[in-house]
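Here's the structure, in structure tokens; my notes come after.
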Protein chains: 2
Amino acid sequence: MAGTGEERKPAELLAAARGGQRRAVARLLTLVERGGGAAEAIAAATHPLTGAAHIVGITGAPGTGKSTLTGALTTLLAAEGRRPAVVAVDPSSPLTGGAILGDRVRMEAATGAGVFIRSMATRGHAGGLALAVPGVVRVLDACGFDPVLVETVGVGQIEVDVAAAADTAVVVVTPGWGDAIQANKAGLLEVADLFVVNKADRPGASDARRDLDLMLDLSEVSGAAAGTGADAESRPAIIETTATEGEGVQDLLRAVDAHHRALKAGPGLQARRDRRFVAEVRARLEHVLIQAADDVLVDVDSRSGATPVEAARHLADRFLDTDTPR
Amino acid sequence: MAGTGEERKPAELLAAARGGQRRAVARLLTLVERGGGAAEAIAAATHPLTGAAHIVGITGAPGTGKSTLTGALTTLLAAEGRRPAVVAVDPSSPLTGGAILGDRVRMEAATGAGVFIRSMATRGHAGGLALAVPGVVRVLDACGFDPVLVETVGVGQIEVDVAAAADTAVVVVTPGWGDAIQANKAGLLEVADLFVVNKADRPGASDARRDLDLMLDLSEVSGAAAGTGADAESRPAIIETTATEGEGVQDLLRAVDAHHRALKAGPGLQARRDRRFVAEVRARLEHVLIQAADDVLVDVDSRSGATPVEAARHLADRFLDTDTPR
């Protein structure tokens, strides 16, 4: 095995990856996911090379056809001569491997067209996705992929965070009241820049659009009342697609590009990048602090007579530098 | 409004609550949920009075009939002369209020029988449930309610954490492959002490039982391989119920009581209480640290040239006491 790419240094790998070697890209991403010193070296090397890619989040409940839609979108992008990459954030259970594999198989047409696809598992990362995804996106951006589509499965906090970290957040629903409600409950409504009603050939597509419109009306009212909405460039567009037939995908791509242009024309794009930077710093800082907290928790004695509140305060006092700015 | 219960001090409220005044209990819980100094005073006053109640977690996916089951269980407990309380942890969306209200209405029979029921919203707490639920359970325990049933909606991390913090964790599924899979994916399988196949009059109940058995077999194998399983008193029982008809609820209650007795006969009960104590201290410590992290994040400048990794390390260094034990 001597002399294989496995032993190349991050800087060397990055040069090869930027030269178009797909295997070097894959290897860099593996090192980023693994964390530690190599991941930090790659972050340092790639950070100055980023900023060209449009980061697009695609999220929604399972079964909304996000993978098919992402596949259709990337095929179209590749046909236009662009270089899209996909980061697919999956819950990984051995028992659902089949379903996920099915999605991946559906994306194979896209891979055939030269699209770079990377799957990341949520299970086992334990909150680590907030650390790993930004690093993976940074490598793809630095390697010239544009746009970078980040597809998440499910509507939990991870999905909201990932969507909120995109330049353009696309939320996918299907006909039927349930999905729009789910998206709203999860807080996806507030971060959506574009809505897709996929499987629009099914009954209820116009109802789904009306539900979304109603919820947007309600959120604009409450947003105005709360004095927020500074970042609200415009009301999210609602696009109908039937991804399996490729229908509406061209419209979606035009809407995604239009949102990007609108962001670039104002302070929006830089604001989102700043927010993304701070979100990553926050995730890393919290990770360091929580690890340090776990180290001191070994000293906790439930039979000391102290309440949990007192025990936590005692540990925090020992823990935090007294010079820490409040 | 002068002279109403609203102005009573925590100690006075606690005395009234322990004397059986339900309104004083409700008021204490409101203060606990609100946090701050009053909540801490209540924690200090109630902590020494706890330990008598059996804490039972009831969790599972939406639609499994948990509320109906909880209602039936508490009605039975009240009929036996016991004093159950229910903490219902709900996702609170204005748009789903109807469905939740429906569940609550179904629980009204139980309320009529003298059961104390408290609903807590997950939305708006933003991770704060890990802080608020233990305090609410502590008050109910100190006021003589036993058992305290903590019912959660959904199968996310919050639900797993709440279930893991119970003396006895009951995981509810319904006939059909999906639920068992969902519970497994969410990590509920590992924390379950008892399984309920509710709606057992529907087709597929025996399949659901077989699915659970299979997953338990798999997890025993992997648990044995990993050298874990010290806390595994016994393989979780699987109880079939049709809560709407009251069928199997007596069996479930017997299984819940049997699990409690088995815990008390060995080191299990104390081990779970220690674990619960440490979990609460961890949640509080993390909360303090994350707040402190947010305070220093205002200094982050995305255009300083530092990578997010470097920026986070710089903040952590400023932040952590150098004397902190590693």
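The values are calculated or read from the model by the stated rules, or taken from the named source; none is laboratory data. Remember, it's a predicted structure, so these values are computed and weren't measured experimentally. Using ideal geometry, Cβ is built from the backbone for each residue, glycine included, and neighbour counts are taken over all protein chains shown.
The residues of the stretch B:272-316 that are within 7 Å of another protein chain (Cβ to nearest Cβ), of a type in the set (Gly, Ala, Ser) and assigned to a helix (DSSP H, G or I), listed by number, are B:Ala292, B:Ala293, B:Ala311, B:Ala312, B:Ala316.
Going by what's in this entry, would A:Ala24 be described as over 29 Å from A:Gln157 (Cα atoms), among the aliphatic types (A, V, I, L, M), buried (at least 22 other Cβ atoms within 10 Å of the Cβ) and not assigned by TED's automatic domain parsing to the domain that holds A:Val256?
Values: over 29 Å from A:Gln157 (Cα atoms): yes; among the aliphatic types (A, V, I, L, M): yes; buried (at least 22 other Cβ atoms within 10 Å of the Cβ): no; not assigned by TED's automatic domain parsing to the domain that holds A:Val256: yes.
Considered against the rule, which asks whether it is over 29 Å from A:Gln157 (Cα atoms), among the aliphatic types (A, V, I, L, M), buried (at least 22 other Cβ atoms within 10 Å of the Cβ) and not assigned by TED's automatic domain parsing to the domain that holds A:Val256, A:Ala24 comes out as no.
Please go through the stretch A:252-271 and give me each residue that is in contact (Cβ under 8 Å) with a residue 24 or more places away in the chain and within 13 Å of chain B (Cβ to nearest Cβ), ordered by number. A:Leu269, A:Ala271 - these are the residues of the stretch A:252-271 that are in contact (Cβ under 8 Å) with a residue 24 or more places away in the chain and within 13 Å of chain B (Cβ to nearest Cβ).
If you go through the stretch A:284-316 and keep only what is surrounded by fewer than 18 Cβ atoms within 10 Å (Cβ to Cβ) and hydroxyl-bearing (Ser, Thr, Tyr), you end up with A:Ser302, A:Ser304.
Among the residues of the stretch A:229-245, those identified as modelled with pLDDT of 60 or more, surrounded by fewer than 15 Cβ atoms within 10 Å (Cβ to Cβ) and in a loop (DSSP other than H, G, I, E, B) are A:Ser234, A:Arg235. If you go through the stretch B:53-86 and pick out every residue that is among the small types (Gly, Ala, Ser), in contact with a strand residue (DSSP E or B) (Cβ under 6 Å, 6 or more places away or on another chain) and outside any loop (DSSP other than H, G, I, E, B), you end up with 3.
So that you can scan it fast, the table gives a plain yes or no per residue for (1) part of a helix (DSSP H, G or I); (2) surrounded by fewer than 21 Cβ atoms within 10 Å (Cβ to Cβ); (3) modelled with pLDDT of 90 or more:
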| site | (1), (2), (3) |
| --- | --- |
| A:Gly178 | yes, yes, no |
| A:Val196 | no, no, yes |
| A:Lys199 | no, no, yes |
| A:Asp207 | yes, yes, no |
| A:Asp217 | yes, yes, no |
| A:Ala224 | yes, yes, no |
| A:Gly227 | no, yes, no |
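Restricting to the stretch A:35-66, and then to whatever is in contact with a helix residue (DSSP H, G or I) (Cβ under 9 Å, 6 or more places away or on another chain), within 14 Å of chain B (Cβ to nearest Cβ) and within 16 Å of A:Leu129 (Cα to Cα), can you tell me which residue is surrounded by the fewest Cβ atoms within 10 Å (Cβ to Cβ)? Ranking the candidates gives A:Gly35 first.
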